[in-house]
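Notes follow the structure.
The values are calculated or read from the model by the stated rules, or taken from the named source; none is laboratory data. Predicted model, so just to flag it, every value in this text is computed and none were measured. Neighbour counts are summed over all protein chains in view; Cβ atoms, including those assigned to glycine, are modelled from backbone coordinates with ideal geometry. Note: accessible area is taken over every heavy atom of the protein model, side chains too, but ligands, DNA and RNA are not part of it. Shrake-Rupley method; radii C 1.70, N 1.55, O 1.52, S 1.80 Å.
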Amino acid sequence: MTETTFTPRVFSGIQPSGDLHLGNYLGALKRFADAQDKGVQSIYCMVDLHAITVPQNPADLKRSTRELAAGFIASGVSPEKSILINQSQVPEHAQLAWIFNCVARMGWMGRMTQWKDKAGKNAEAASLGLFAYPALMAADILIYHATHVPVGEDQKQHLELTRDIAAKFNHDYGVDFFPITEPVIEGAATRVMSLRDGAKKMSKSDPSDASRINLTDDADTIAKKIRKAKTDPDALPSEVEGLKDRPEARNLVNIYAGLNDQTVEQVLADHGGQQFGTFKPALAELAVSKIAPISTEMARLMSDVTEIDRLLAHGAEQAREISAPILKKTYEIVGMVG
């Protein structure tokens, strides 16, 4: 069997669950905007089909999907340079997911950490969609023959399953049709932690709004949250090793590095020896300069969602030019008539 050479292509998706925050920006949106100028075709997706694996209010889902699209655009992801879609407008995602439901094994799905976490003790009451979620995620990626996927640490297991599904499909049908997709994990702040507890990931579900910087926060709110962020009494070290066992200090340094396109080492070279009374105002000024314009642009876009809807419809047309031929060939390989 001749090995296929796949054209480099990036795919990534974010669930439209509302309340975008700094972790979404540094862990995903900023990286997407930076990557689109590297000459590799990129497809970015609001995964609204994934969202309904748990109950959703329809009006809230529409608003969250549009707000997420506004967040992509305001963060610098250009619909002219990248393909921006919501998943449900490209039916090939769901169609390929059914094929993959028949390739993946029950045991594979049952071992998924997120299934265990989200289903909890009452797995019998969880939706079939939640159980099959990783097969749809594999379809999201492979319907475009995506070769690279930017992922957070918490999604690595799902991407491993995507690779397993691609390998099993190729083996079962004696083809080299789907690529074995590579994860892309990079950057100083791919995992942003709570401003109130450096051991917990920044999350919209945290009851304290002070634990996160929302992309809808204004400049004063951003600065106030940075000033009140939990720290320790010691000065910043000059070496990375000095951040060990100092989770809050490490988090603030990571955030500074991520916002300023620096390594942690560079931040400590510039700010090592400073007390937080000096470092926090510098971080607040930096955060306001980067995040406040995003908040303003998101508000402008959300004031009239007609443009957002137009851009998503255009993105779906572009996406289907790629996905439709891949699905057609998949059906031929499987033995479908038509």
Notebook entry, point to check: Tally time: how many residues in the range 156-208 are part of a helix (DSSP H, G or I) and touching a residue at least 12 places away in the same chain (Cβ under 8 Å)?
Noted result: 15
Notebook entry, point to check: In the range 315-323, is there at least one residue being within 22 Å of the chain's Cα centre (by Cα), of a type in the set (A, V, I, L, M), open to solvent by 20 Å² or more (accessible area, probe 1.4 Å) and more than 24 Å from Ala139 (Cβ to Cβ)?
Noted result: no
Checklist line | Given (1) farther than 21 Å from Ile322 by Cβ; (2) acidic (Asp, Glu); (3) more than 19 Å from the chain's Cα centre (by Cα), number of the condition Glu92 does not satisfy | finding: (1)
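Quick one: in the range 3-19, of everything that is of a type outside the set (Gly, Ala, Ser) and under 20 Å from Thr216 (Cβ atoms), which residue is least open to solvent (accessible area, probe 1.4 Å)?
In this case the residue turns out to be Pro16.
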Notebook entry, point to check: In this structure, does Ala70 turn out to be touching a residue at least 40 places away in the same chain (Cβ under 8 Å), small (Gly, Ala, Ser) and assigned to a helix (DSSP H, G or I)?
Noted result: yes
Margin query: Suppose we filter Tyr44, Tyr133 for residues that are out of contact with any Asp or Glu (no Cβ under 8 Å at 6 or more places or on another chain), assigned to a strand (DSSP E or B) and open to solvent by less than 40 Å² (accessible area, probe 1.4 Å); which single one remains?
Written below: Tyr44
Notebook entry, point to check: Here is a list of conditions, (1) open to solvent by 20 Å² or more (accessible area, probe 1.4 Å); (2) part of a loop (DSSP other than H, G, I, E, B), and Gln266 meets all of them except one; can you say which number that is?
Noted result: (2)
Notebook entry, point to check: Since Tyr256 meets every condition but one in (1) touching a residue at least 60 places away in the same chain (Cβ under 8 Å); (2) within 23 Å of Ala74 (Cβ to Cβ), which condition does it not meet?
Noted result: (1)
Notebook entry, point to check: Can you tell me which residue in the range 189-212 is farthest from Ala138 (Cα to Cα), limited to those that are in contact with a Ser or Thr (Cβ under 8 Å, 6 or more places away or on another chain), open to solvent by less than 40 Å² (accessible area, probe 1.4 Å) and of a type outside the set (Ser, Thr, Tyr)?
Noted result: Leu195
Check: Of the numbered conditions (1) open to solvent by less than 10 Å² (accessible area, probe 1.4 Å); (2) without any contact (Cβ under 8 Å) to a residue 60 or more places away in the chain, Lys224 satisfies every one except a single condition; which is it?
Finding: (1)
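In the set Leu26, Leu22, Leu84, Leu96, which member is in contact with a strand residue (DSSP E or B) (Cβ under 6 Å, 6 or more places away or on another chain), outside the structural domain of Thr263 (by the TED database), of a type in the set (A, V, I, L, M, F, W, C) and open to solvent by less than 20 Å² (accessible area, probe 1.4 Å)?
Only one candidate qualifies: Leu84.
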